[in-house]
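A short worksheet on the structure shown next.
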Amino acid sequence: MKYDISAIGNALVDTQYMVGHEFLNSIGLEPDSMTLASSDEHVPIIKKLQDMGVDSVSDCGGSATNSLVAASNYGSNCHHVCRVANDEDGKKYLDSLEAAGVKHIGFSKGDSNLPTGKCLIFVTPDAKRTMSSMLGISAHLGPMDIDYDAVDNSKIFYIEGYMVTSEENYNAVKSVLEHLQDKNILKALSLSDAGIVQGFMDKFKEIESYKIDMIFGNDDEAIAFSESDSLEKAIEFFKKQSYMTIITKGSEGSIVIKDGEEIFSRAMQISPIDTNGAGDMFAGSFMHAYLQGHSLSECAEFSNLASSRVVETFGPRLDTNGYKEVLNNLKKS
């Protein structure tokens with residue numbers, strides 16, 4: 001089967017909660033960040049939330065997953081390179097992928113007592129999201145979990161930046177990049193988190209050396225990756241690179257940088273509820289529009305719209321009608 005997008009990323013069952021900043025302080029989390037945690041560390045947090053009676057929503061998640069689900073809902077053929085355990089969360093995860101039309105390799109063939117990964121996502125009144133991720137078996141994704149034929153038959157191979165946090169994940173990414181050398185497949189990288197970029201800069205730079213074609217990131221991530229102290233300097237850095245860079249600026253819009261040129265697209269004016277998944281939605285929307293042959297301006301405008309719609313929603317996804325509504329705007333452009 002020919003795929004539009006194959007992606008590699010963590011398979012996490014996301015559970016999302018609305019909380020105040022005082023809750024984040026009480027569990028020692030820095031707002032608007034991603035922190036790795038163990039299953040044991042999640043137990044008291046979940047109990048505290050249950051005792052407080054906090055409402056939640058849950059679905060298969062992970063950054064690359066969210067991007068693929070968006071692209072698939074627009075009509076792209078997508079394949080996910082991920083690893084889940086044969087447990088209840090793993091079954092739920094794969095069922096959710098299938099419902100979204102995203103193909104996958106299935107349960108991991110490797111033996112492990114580790115559970116499917118989980119992510120607790122805390123959304124504060126300012127619409128920012130703070131994540132506590134327990135990678136579980138996802139941290140051990142390796143070559144046995146990769147369908148190289150599916151990647152070979154894709155137009156874009158998309159790498160979730162969080163994959164650098166596990167040595168096995170990182171080696172899996174490199175094995176695919178080695179496999180794709182001299183193949184006519186676009187390679188895209190998400191920077192994922194400014195703190196992750198700063199902490200694993202050597203790995204990000206090594207991925208960059210495999211002739212990446214697209215890099216996605218927000219303004220903080222762009223500054224971190226370019227090792228600059230301002231967005232203006234980061235933009236000048238990316239103008240000198242051979243790849244295309246797409247920088248999201250939240251409520252301001254987005255910037256596409258290609259061949260030394262800078263294209264700015266203004267964001268829609270909305271009342272934000274939850275920024276979780278906005279960057280993932282943007283990347284999945286942009287890649288879909290790009291493969292449909294739309295101009296860079298049209299790709300950015302479409303992705304800005306899609307991101308704004310998800311920011312108006314509690315959770316990282318739209319319903320079926322929401323995706324159709326967004327897609328109709330692309331068809332009209």
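Restricting S96, S67, S26 to those that are assigned to a helix (DSSP H, G or I) and surrounded by 24 or more Cβ atoms within 10 Å (Cβ to Cβ) reduces the list to S67.
Just one of the listed residues (T15, T35) is surrounded by 17 or more Cβ atoms within 10 Å (Cβ to Cβ) and within 22 Å of the chain's Cα centre (by Cα), and it is T15.
Which one of these is among the acidic types (D, E) and crowded, with 24+ Cβ neighbours inside 10 Å: D259, D274, D280? Result of the check over D259, D274, D280: D280. Restricting G75, G117 to those that are surrounded by 23 or more Cβ atoms within 10 Å (Cβ to Cβ) and closer than 24 Å to F157 by Cα reduces the list to G117. The set of residues from the stretch 102-113 being assigned to a loop (DSSP other than H, G, I, E, B) and either among the β-branched types (V, I, T) or under 17 Å from G9 (Cα atoms) (or both) comprises I105, G106, F107, S108.
Residues satisfying the criterion are present in the stretch 50-71 (criterion: more than 30 Å from N328 (Cα to Cα), in contact with a Phe, Trp or Tyr (Cβ under 9 Å, 6 or more places away or on another chain) and of a type in the set (A, V, I, L, M, F, W, C)).
For S58, state whether it is modelled with pLDDT under 95 and under 20 Å from D145 (Cα atoms).
Spelling it out, it is not the case that S58 is modelled with pLDDT under 95 and under 20 Å from D145 (Cα atoms).
Every residue, every condition in (1) farther than 21 Å from S307 by Cα; (2) without any contact (Cβ under 8 Å) to a residue 12 or more places away in the chain; (3) part of a strand (DSSP E or B), yes or no:
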residue: S192; (1), (2), (3): no, no, no
residue: Q198; (1), (2), (3): yes, no, no
residue: E232; (1), (2), (3): yes, yes, no
residue: I235; (1), (2), (3): yes, no, no
residue: I247; (1), (2), (3): no, no, yes
residue: V256; (1), (2), (3): no, no, yes
residue: N276; (1), (2), (3): no, no, no
residue: G279; (1), (2), (3): no, no, no
residue: A283; (1), (2), (3): no, no, no
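The values are calculated or read from the model by the stated rules, or taken from the named source; none is laboratory data. Remember, predicted model here, so these are calculated numbers, not experimental data. Backbone-built Cβ (ideal geometry, glycine too); neighbour counts: all protein chains shown.
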